[in-house]
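The values are calculated or read from the model by the stated rules, or taken from the named source; none is laboratory data. Everything numeric in this text was worked out from a predicted model, so none of it was measured. Glycine gets a Cβ as well: all are built from the backbone with ideal geometry, and neighbour counts include every protein chain shown. The accessibility values were calculated without ligands, DNA or RNA, using every heavy atom of the protein model including side chains. Shrake-Rupley method; radii C 1.70, N 1.55, O 1.52, S 1.80 Å.
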Amino acid sequence: MLEKAYRDMQSRVHPDRFARAGAAERRASLQWTTRVNEAFQVLKNPVSRARHLLELHGVDVAFETNTAMPAEFLMQQMELREQLEEARDAKALDALRAGLQKSRKSLEREIAETIDAKKAYKGAADLVRKLQFLHRLDEEIDSAYEALE
């Protein structure tokens, strides 16, 4: 659905449609194309999408300054990182990623419910910070796959 909306919007504002237009229209087309691309990048990533939604409601997720997390969550993160360090083959990485994806999907559903249904924006900020942790771990798994090659 997001990709369809993106393609529809791109087709409306793409510079090729304005190749024979005046300079101002071509410039505006380029600016709109850039905005559409930036919006798509934000919306297709669950972390940046949630962060943007919270910012629209006046809540700063504060990834850089607020690193306080529940002890249980931090312990879970340490265990996952240990598993990553101990993973010696693609099969182990696949298993780790499968569990991580399940956790991420569950957390994404919880964030959606907290933002959309409960309108508990400040509470959602903590959940988004957790999701950011999981995204970083997923990136580290990508690096581990590359190191195996």
For this session: Filter the range 131-144 for residues that are open to solvent by less than 10 Å² (accessible area, probe 1.4 Å), touching a residue at least 60 places away in the same chain (Cβ under 8 Å) and more than 17 Å from residue 42 (Cα to Cα) and give the result.
Result: 137
Problem set entry | Residue list for the range 8-41, restricted to those being β-branched (Val, Ile, Thr) and exposed (fewer than 13 other Cβ atoms within 10 Å of the Cβ) | 34
Exercise. Name the pairs whose Cβ atoms lie under 9 Å apart, with the first residue in the range 68-84 and touching a residue at least 60 places away in the same chain (Cβ under 8 Å) and aliphatic (A, V, I, L, M), the second open to solvent by 70 Å² or more (accessible area, probe 1.4 Å) and part of a helix (DSSP H, G or I), and 6 or more positions between them or separate chains?
Worked result: 69/126; 84/140
Seminar exercise, completed: When the range 85-98 is checked residue by residue, the ones that are assigned to a helix (DSSP H, G or I) and in contact (Cβ under 8 Å) with a residue 24 or more places away in the chain are 90, 93, 96, 97
Exercise. Has the range 109-118 got at least one residue that is in a loop (DSSP other than H, G, I, E, B) and open to solvent by 20 Å² or more (accessible area, probe 1.4 Å)?
Worked result: yes
For this session: Mind telling me which of the residues 97, 49 ends up being surrounded by 12 or more Cβ atoms within 10 Å (Cβ to Cβ), farther than 26 Å from residue 4 by Cβ and basic (Lys, Arg)?
Result: 97
Seminar exercise, completed: In the set 101, 41, 132, 83, the lone residue that is over 30 Å from residue 9 (Cβ atoms) and out of contact with any Cys (no Cβ under 6 Å at 6 or more places or on another chain) is 83
Problem set entry | Lone qualifier among 62, 68 - being open to solvent by less than 60 Å² (accessible area, probe 1.4 Å), modelled with pLDDT under 95 and of a type in the set (Gly, Ala, Ser) | 62
Exercise. Residues of the range 99-130 being in contact with a Lys or Arg (Cβ under 7 Å, 6 or more places away or on another chain) and touching a residue at least 40 places away in the same chain (Cβ under 8 Å), which ones?
Worked result: 128
For this session: Write out, first by first residue and then by second, each pair whose Cβ atoms fall under 6 Å of each other, whose residues are 6+ apart or on separate chains, and whose first residue, in the range 33-46, is without any contact (Cβ under 8 Å) to a residue 60 or more places away in the chain and at negative phi while the second is open to solvent by less than 100 Å² (accessible area, probe 1.4 Å) and of a type in the set (D, E, K, R).
Result: 43/49
